[in-house]
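Let me begin by presenting the structure, written as structure tokens, before commenting on it.
The values are calculated or read from the model by the stated rules, or taken from the named source; none is laboratory data. Quantities reported herein were computed from a predicted structural model and do not represent experimental measurements. In this analysis, Cβ positions are derived from the backbone assuming ideal geometry, glycine residues included, and neighbour counts consider all displayed protein chains.
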Amino acid sequence: MSIVKFKNNGIRFDLQLVASWIEPGSRVLDLGCGEGDLLLYLKTHKAIEGKGIEQDESKVVRCIERGLSVLQGDLNEEIEDFPDQAFDYIVLSQTLQQVYEPDRLIRSILRIGRNGIVSFPNFSHWRIRLQLLLTGKAPVTPQLPYQWYDTPNIRVITIKDFILFSKQVGFMIIKAAAINTQGQEKWGRMITTFANLRATYGIFQISLPPDRKQLDD
Amino acid sequence: MGLVEKQFFTFAEGPDKMVLECGTSLGPLTLAYETYGKLSPSKDNVILITHALSGDSHAAGYYDQEDPKPGWWDIMVGPGKGIDTERYFVLCSNILGSCLGTTGPSSLNPQTNRPYGLDFPVVTIGDIVSGQKRLLDHLGIKKIVAVIGGSIGGMQVLEWAIRFPEMVRAAIPLATTTKHSALAIAFNEVARQAIMADPHWNSGNYYSGPKPSLGLAVARMIGHITYLSDESMRLKFGRRLQDRTDFSYNFDADFQVENYLRYQGSKFVERFDANSFLYITKAADYFDLGLQHGQGSTVRAFSKTMARFLVVSFTSDWLYPTYQSKKIVQALKKNGKDVSFCEIEAQWGHDAFLLPNERLTEMIRGFLDRVYRQI
């Protein structure tokens, strides 16, 4: 186990890790960018050319106020009009579990971007397994704080499932990290052993196989 | 914004006339304009505001301390406001074909020494923008930080960004469209018919006699309905009666909404020319960015622009609904241009872009700041 310390930049631990994977000066699209914390951080520290998509009006306003380039809309639709390979990185942070057609979205991500960075709460963390086993009720954790009837998370994904999914859809995993976050998610640690059991989040950098221009439908 | 002054610029004098898109030459031409704030020594802090159908050059401030009301966008333009006149040099000119200081059908035709009337050529949004360009040339301005405007003003913003791409760093089209829908043309046509059906209209020759005031008032009433929304009219008027408790059982203005429209119509007649209304609505109906700049393709039309865009629409605007703003966004995205978009939740219909809205103000402020810092 290795403890990774990032300077406290005010952004979430998982986003700090995502940011550490992004090359300076690159073009970044953040799908579901919220109030633009990651984009602003990358703009300031890595001189990226950033763009965000966000559905919530007040968050979009906040982003534009902060000088970010952001489109209001549904990420599944808004991703469609960009030209091929318009971005170096496309970030889909903690949103995959809310997407209706994940394979279609991944294909679109890899059409308009060289790399995708995808993160999601790991549903096979031991605490979740134990809750279901011992209480017989749908699990509620700090990472998945909803009841079954009000959760926006319509999909249950585990780190193992995502790796299998990559083989089915045909994309490559370039980098993978399993993390365990604590303290309002501002800090955390990398998990290297028994990740599927011990990590609260999985983060993957994905791309097309080198011989492919796009993924088949 | 304190006291401001309307200024005038005359061009296309003598043989050097302006050739319009319809093929006719027109001259001399005068543009009324106003400026707010200070032009920087390098002339790099210019913001151009383009006004809508019935607007004028008076975007902010007061002409006189006794004026009851400031300019039409005083909530947005002024020291410390969304468009900060302590930082930017703001310019607004009355559009060609209007009647509020700029040459239009009510101006004197130098060849006849009488008002042009229908001898005034039909002008387009392109002509309007070309006129503004002449004014900027005259002022020695080569680059604009941003062109900002709503509705027909928004059409001018789009036209500017495509016609003069090297001049425009940023564009903020509000509540607008790349072309009128059949619905929008239909409302304009009914409004024009109301004017032309007024016997005083007299084929546009009414300047020496009674004016087609009733026709123009009805035209304005139709316009006002399209600027509101079902929700805003329900909240503003509902079925409330005006100064009475029961129906009059005649054709007086029983309902508050009737009274409001009549008031708006009669107020408009005092300040606006019926022929100008015909010309400007026609210019708006003819506007088709894809047809005029992209051989029929909106996407191709936007390939020319070099500006960053902030596109804003309003949820209850049914004259220029959000899908029309999204068309602009889509075309810009397909061209790989920098565009931000926000649909503001507002109940006031098309009029929302002119009403106080903190979200709109803060977005414009933040967006302009980013553009200006990168100069």
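Residue check: B:Val269 meets all listed conditions (1) of a type in the set (Val, Ile, Thr); (2) within 14 Å of chain A (Cβ to nearest Cβ); (3) surrounded by fewer than 20 Cβ atoms within 10 Å (Cβ to Cβ) but one, namely (2). Surrounded by fewer than 16 Cβ atoms within 10 Å (Cβ to Cβ), in a helix (DSSP H, G or I) and either of a type in the set (Asp, Glu) or not assigned by TED's automatic domain parsing to the domain that holds B:Glu159 (or both): is that true of B:Tyr263 in this structure? Yes.
Listed by position, the helices (runs of 4 or more DSSP H) inside region A:65-180 whose residues that are more than 14 Å from every other protein chain (Cβ to nearest Cβ) and either closer than 23 Å to A:Arg212 by Cβ or among the hydroxyl-bearing types (Ser, Thr, Tyr) (or both) number at least 2 are A:102-112, A:159-169. Annotation note: of B:Ser40, B:Ser25, B:Ser57, the sole residue that is closer than 13 Å to B:Gln132 by Cβ and not aliphatic (A, V, I, L, M) is B:Ser57. Here B:Ser276 passes the criteria (1) under 30 Å from B:Ser203 (Cβ atoms); (2) touching a helix residue (DSSP H, G or I) at 6+ places or on another chain (Cβ under 7 Å); (3) buried (at least 23 other Cβ atoms within 10 Å of the Cβ) except the one numbered (2). Checking each residue in region B:329-373 for being free of Cβ contacts under 8 Å to residues at least 40 places away in the same chain, among the polar types (S, T, N, Q) and either surrounded by fewer than 24 Cβ atoms within 10 Å (Cβ to Cβ) or more than 10 Å from chain A (Cβ to nearest Cβ) (or both) picks out B:Gln330, B:Asn335, B:Asn357. Applying the criterion of being touching a residue at least 40 places away in the same chain (Cβ under 8 Å), in contact with an Asp or Glu (Cβ under 8 Å, 6 or more places away or on another chain) and surrounded by fewer than 24 Cβ atoms within 10 Å (Cβ to Cβ) to the residues of region B:290-317, the residue that is nearest to the other protein chains (Cβ to nearest Cβ) is B:Arg308. The set of residues in region B:131-165 that are touching a His at 6+ places or on another chain (Cβ under 9 Å) and small (Gly, Ala, Ser) comprises B:Gly149, B:Gly150, B:Ser151, B:Gly153.
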